[in-house]
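Comments concern the structure below.
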Amino acid sequence: MPNPNTDLAALVGSRICHDLISPVGAIGNGLELITMSGDATGPEIGLISGSVSNATARIRFFRIAFGLASGNQLVPELEIRTILADSYHESRISLDWLVEGAVARPELRAVFLALLCAETALGRGGVLSILRQASGIWQVVALSDTLTLKESSWQAIETGLPPEGLTPNEVEFGLLPCVIETLQRRLAVTREEDRITLSF
């Protein structure tokens with residue numbers, strides 16, 4: 001049964017992303033026009049351009065992770081790969097998307113939330129891998145020689161209960177169990193010395 005609080009959070013996420021993507025895109029278009037006119041000089045333009053690209057990538061990522069997800073909507077593979085490539089560009093984290101074909105938006109939402117959880121374990125860099133088994137089970141794997149885990153957050157998703165004192169930069173740990181429940185799946189977390197795996 002859908003959680004009305006989760007649905008409301010998704011509405012808020014969708015509204016914020018929708019309202020931000022247009023002005024950020026307009027800044028990017030303006031920079032392109034300035035560049036074409038030949039008036040763009042100096043490192044400042046490069047800094048602004050890079051910031052616009054990063055902001056656009058994160059908004060597109062957050063729109064899927066935190067926005068509404070209708071059951072019959074499919075996200076094409078190329079769009080997924082583009083969003084992920086742009087989001088993790090110039091990051092200390094490298095990402096391997098090992099899934100072929102389009103993905104249903106509700107499932108992709110869960111995957112993106114799982115990615116946000118998993119990347120918190122890679123504070124010193126590492127590799128994120130995403131697989132979908134033939135059975136349909138998803139696996140999000142964070143791999144690093146040095147994992148950094150906030151125990152209370154990981155215990156929360158293992159038990160399915162929101163962590164106490166949830167902070168804005170941990171909201172994915174509160175949302176992921178709710179989204180997994182909506183998919184009528186079970187979330188499993190496997191910890192090893194050099195990796196942590198979220199399966200659902």
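I'd like the accessible area for T190: 1.4 Å probe, protein heavy atoms, all chains in place, Å² to the nearest 10.
70
Give me the one-decimal nm value for the distance between modelled label points at E181 and S135, 7 Å along each residue's Cα-to-Cβ direction.
About 2.4 nm, to one decimal.
To the nearest 10 square angstrom, how much accessible area does D86 have with a 1.4 angstrom probe?
Rounded to the nearest 10, that gives 70 Å².
How many nm is it between the label spots at E193 and T159, if each spot is 7 Å from the Cα in line with the beta carbon?
With each label point 7 Å from Cα toward Cβ, the separation is 2.9 nm.
So for the range 49-188, taking the charge dipole from beta-carbon charges (+1 Lys/Arg, -1 Asp/Glu), which of G101, S70, G136 sits furthest toward the positive end?
S70
Roughly how many Å² of L116 are accessible to a 1.4 Å probe, to the nearest 10?
10
Taking a ≥ b ≥ c as the square roots of the Cα gyration tensor eigenvalues, with a/c under 1.5 meaning rounded and otherwise prolate when a/b beats b/c, else oblate, which class fits the range 111-200?
Oblate, since a/c reaches 1.5 and b/c is not below a/b.
The values are calculated or read from the model by the stated rules, or taken from the named source; none is laboratory data. What you are looking at is a predicted structure, and each value in this text was computed from that prediction instead of being measured. Note that we place each Cβ from the backbone using ideal geometry, even for glycine, and neighbour counts take in every protein chain shown. Quick note on the areas: whole protein, heavy atoms, side chains included, nothing else; ligands and nucleic acids left out. Shrake-Rupley method; radii C 1.70, N 1.55, O 1.52, S 1.80 Å.
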